[in-house]
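Q: Would you mind keeping the following structure in view while I ask a few things?
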Amino acid sequence: MNPTSIATVSLSGDLAQKLEAIAAAGFDAVEIFDNDLLTISAQARDVGRMIKGLGLSVSAFQPFRDFEGLPEPDRARAFARARRKFDLMQELGAELLLVCSSVAPASLGGIDRAADDFAALGEIAAAQGLRVGFEALAWGRHINDYRDAWEVVRRADHPAVGLILDSFHTFARDLPLDPIRAIPGDRIFLVQLADAPRMQMDLLTWSRHFRCFPGQGELPLAAFVEAIDATGYAGPLSLEIFNDQFRAGPPESTARDGLRSLRFLDDEARRLEGRAPALPPRADIDRVEFVEFATDPATGAELGALFAGLGFARTGDHVSKSVERWQQGEINLVINTESDGFAHSHAILHGPGVCALGLAVRDVEATMARAEGLRATTFLQPVGPGELPIPAIRWVGGSLLYFVEADRAGEVWDTEFRAGEAAGTAPGALTHVDHVSQSMSHEEMLSWLLAYTSLFDMERVAQASVVDPGGIVRSQPLVAPGERVRFVLNATQAHRTLSARFIAEQFGSGVQHIAFATDDIFACIRRMREAGLPLLAIPDTYYRDLEARLDLDPALLDKLRRHQVLYDRDEAGAFFQVYTQVFARRFFFEIVQRDGYAGFGAVNAPVRLASQAREIGPLTIPYDWAGLDGTARP
Ligand code: MG
Ligand code: MG
């Protein structure tokens, strides 16, 4: 793997915090941004010592702007500026200056004119043992295509002058990748990597705010790296990310995500090139094997009553712990009311909620090896008498992700649990987990997106913007092949959305709802009502709108209304949804029937969210946010 590098501009914090986070994440090198030196009181020489002390090298110093093609006297001034940068670089221990193509109105075009400027600059740099690299900005005035930048470098024909390639600037202009292969690898001085979502906006705004780590956006980064590898380039792959979320998030976790993205990309590129992969393949999730809830015993009893109302049977109790297994179809819900251990800590910190998910995968050992290769944090808990060690990693919002072998999950249940009542098979029984929906802050969204897609064989499907009465929620579904497993990541910046309230009340991100599938939702609802389970009330206006919108058969419309079912359909088929009331003011369950439908009922979400907002009433938050919505805590 090429040396790994990241630009300081990618992270929040002051320069010292950034450098520490970069070193801790395990990068080899760092690109120092000019601006970062302005915000620290230390001298460049001290910064240089700090970088060395942390075991990092400097992959580049940047940016040096508006250099090439200037007429006199601007040209002389640009060279004087460059000399000052070279002095600073000497102190810093930086050897490569990144020169980005000029946007100056005064700059004149012409490849030869620019080449002459670079040949002269290379001569000055070389005298000090330094080098300069030329990068084509996608919005450069005359040079905005890497092929032109390469032609400048080629004609400058100076050993201290090389090319800098940046995936963002290449993809932003839809430039072909093939010409990269013809560039000699030793003439490329640095390769910068950034991904981005595809958006229609001006290039500068897109670049300065929406770049993200490889794997978090939609650009074909593995194909870019494959073209780079074909040149024989052996220098650093450097992440250069301008992103509002990263600038708002903690530098440590952003840096860790950065390294994870490079390892993920390296593995993807190797696969594309037909070389030996660096990691086992992305893990194949067969199903959600269990969902574990941590809570105190009193709340646990209420939760058990809710599960019973949903048709679950308490099929087992743990041999040695206060842990219950509730089962229906292939769904296992676990209530953990232990007074120590991980679940207990989770319950103390977050209150009642999901502390862990158990995923049935094809190969647990390979899944753990890939997770470790991607720098996931493995979790070990002492194994008690009668327990099996279940491999786990730390996951969203301080939860755990356990892995069990898809075809041997029964062993865990049979070994650790004493059999209780039998699971029934009533009409309309719940069959499996349809999706798990997690709420997180806007800043965390990209991080968890990368975590899921780098570790698991899951693809993103179209993101939806859901209108909550309190603001907009961005909803990103992830789907495993064959649609056996679906996760939905919900992120919000608005304080008063249901997602934000969940995050505030549970003091962190986590599972906000779980959807169970049934083959007969009307039978299911009848059974739940007989069991006395209250469901979320849907206003009549919804059904009048549905009638107007979809021209439904009156009998079906009447049935939906009577059962308070939300409905949608796509080309493939129909979709039916009902919701339980919100439990402990935080999480809830959804029951869905999919007749071929692929989505998540996003069109119904505003109605559901408005009903839930009415149901759970004003905000109650463990700290004083009362001023925000004008209500006091009860
Ligand atoms: Mg760049
Ligand atoms: Mg849902």
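Q: What do you get for the angle between helix 221-230 and the principal long axis of the chain? Use alpha-carbon atoms, 0 to 90 degrees, nearest ten.
A: Helix 221-230 sits roughly 40 degrees off the main axis of the chain.
Q: Roughly how far apart, in whole Å, are the Cα centres of segment 345-377 and segment 548-587?
A: 33 Å
Q: Then there is this: How big is segment 1-86 along each principal axis, measuring the range of its Cα positions in Å and listing the largest first?
A: Computed over the Cα atoms, the extents are 47, 34, 21 Å.
Q: Determine the share of the chain's accessible area contributed by carbon and sulfur atoms, expressed in whole percent, with a 1.4 angstrom probe.
A: 51 percent
Q: If I model a spin label at Ala223 and Glu330 as a point 7 Å from the Cα along the Cα→Cβ vector, what separation in nanometres do I get?
A: Label at Ala223, label at Glu330, 3.5 nm between them.
Q: Here's another thing I want to ask about it. Report the paramagnetic label zone for Glu365: residues of segment 395-422 whose backbone N is under 18 Å from a point 7 Å from Cα along the Cα-to-Cβ axis.
A: Those under the cut-off are 403-409.
Q: Per-residue accessible area for Leu130 at 1.4 Å probe radius, Å² rounded to 10?
A: So the heavy atoms of Leu130 present about 10 Å² to solvent.
Q: If we count every other residue with Cβ under 12 angstrom of Leu401's Cβ, Lys/Arg +1 and Asp/Glu -1, where does the sum land?
A: Around Leu401, the surrounding residues sum to -1.
Q: Could you compute how much accessible surface Ser465 exposes when probed at 1.4 Å, giving the result in Å² to the nearest 10?
A: 90 Å²
Q: Quick one: angle between helix 554-563 and the longest Cα principal axis of the chain, in degrees between 0 and 90, rounded to 10, please.
A: The angle comes out at about 80 degrees.
Q: What does the accessible area per residue of segment 430-633 come to in Å², with a 1.4 Å probe and no ligands, DNA or RNA counted? Could the numbers behind the result be given before it?
A: Details: 7830 Å² over 204 residues.
Here the residues of segment 430-633 average 38 Å² of exposed surface.
Q: If you don't mind, there's one more thing I want to ask. If you wrap a convex hull around the alpha carbons of segment 476-550, what volume per residue comes out, as a whole number of Å³?
A: Working: hull volume 14.1 nm³, N = 75.
That works out to 188 Å³ per residue.
Q: Here is a follow-up. Nearest 10 degrees, 0 to 90: what angle lies between the long axis of helix 297-309 and the longest principal axis of the chain (Cα atoms)?
A: Roughly 70 degrees, rounded to the nearest 10.
Q: So between Asp74 and His495, what do we pick up on full extension, going 0.36 nm a residue minus the alpha carbon distance?
A: Numbers: separation 421, 0.36 × 421 = 151.56 nm, distance 5.02 nm.
Full extension of this stretch gives 146.5 nm more.
Q: Over the heavy atoms of Asp286, what accessible area does a 1.4 Å probe trace out, to the nearest 10 Å²?
A: The accessible area comes out at roughly 30 Å².
Q: Residues of segment 285-419: accessible area per residue at 1.4 Å, in Å²?
A: Dividing the accessible area of segment 285-419 by its residue count gives 39 Å².
Q: Determine the sum of side-chain charges near Leu359: Lys and Arg each +1, Asp and Glu each -1, restricted to other residues whose C-beta is under 9 angstrom from that of Leu359.
A: Value of the local net charge: -1.
Q: Please state the shape class of segment 430-633: rounded when a/c is under 1.5, otherwise prolate if a/b exceeds b/c and oblate if not, all from the C-alpha gyration tensor.
A: Oblate shape, in that a/c is at least 1.5 and b/c is the bigger or equal ratio.
Q: Provide the packing ranking of 516-529, 365-378, i.e. peptides ordered by the mean count of other C-beta atoms within 10 Å per residue, highest first.
A: Numbers: 516-529: 19.1, 365-378: 17.6.
Output ranking for 516-529, 365-378: 516-529, 365-378.
Q: Next up: Once you place label points 7 Å from the Cα toward the Cβ at Ile348 and Val383, how far apart are they in nm?
A: Roughly 2.6 nm, to one decimal.
Q: Tell me what the chain gives for mean residue ellipticity at 222 nm when only DSSP H runs of n ≥ 4 count, each as -39,500 (n - 2.57), the sum divided by the residue total, rounded to 500 deg cm²/dmol.
A: It lands at -11000 deg cm²/dmol.
Q: Moving to a separate point now. For the full complex of protein chains and a 1.4 angstrom probe, list Ser57, Ser261 by accessible area with the highest value first.
A: Final ranking, largest accessible area leading: Ser57, Ser261.
Q: Viscosity 0.890 mPa s, temperature 25 °C: give me the Stokes-Einstein translational D for the chain in µm²/s, with Rh taken as the Kirkwood radius over C-alpha pairs.
A: Answer, rounded: 91 µm²/s.
Q: Full extension from Arg569 to Ser320: what is 0.36 nm times the residue separation minus their Cα-Cα distance, to one decimal in nm?
A: Taking Arg569 through Ser320 to full extension adds about 84.9 nm, to one decimal.
The values are calculated or read from the model by the stated rules, or taken from the named source; none is laboratory data. The shown structure was predicted, so the numbers you read here are calculated from the model rather than taken from an experiment. Glycine gets a Cβ as well: all are built from the backbone with ideal geometry, and neighbour counts include every protein chain shown. SASA here: full protein model, heavy atoms, side chains in, ligands and nucleic acids out. Shrake-Rupley method; radii C 1.70, N 1.55, O 1.52, S 1.80 Å.
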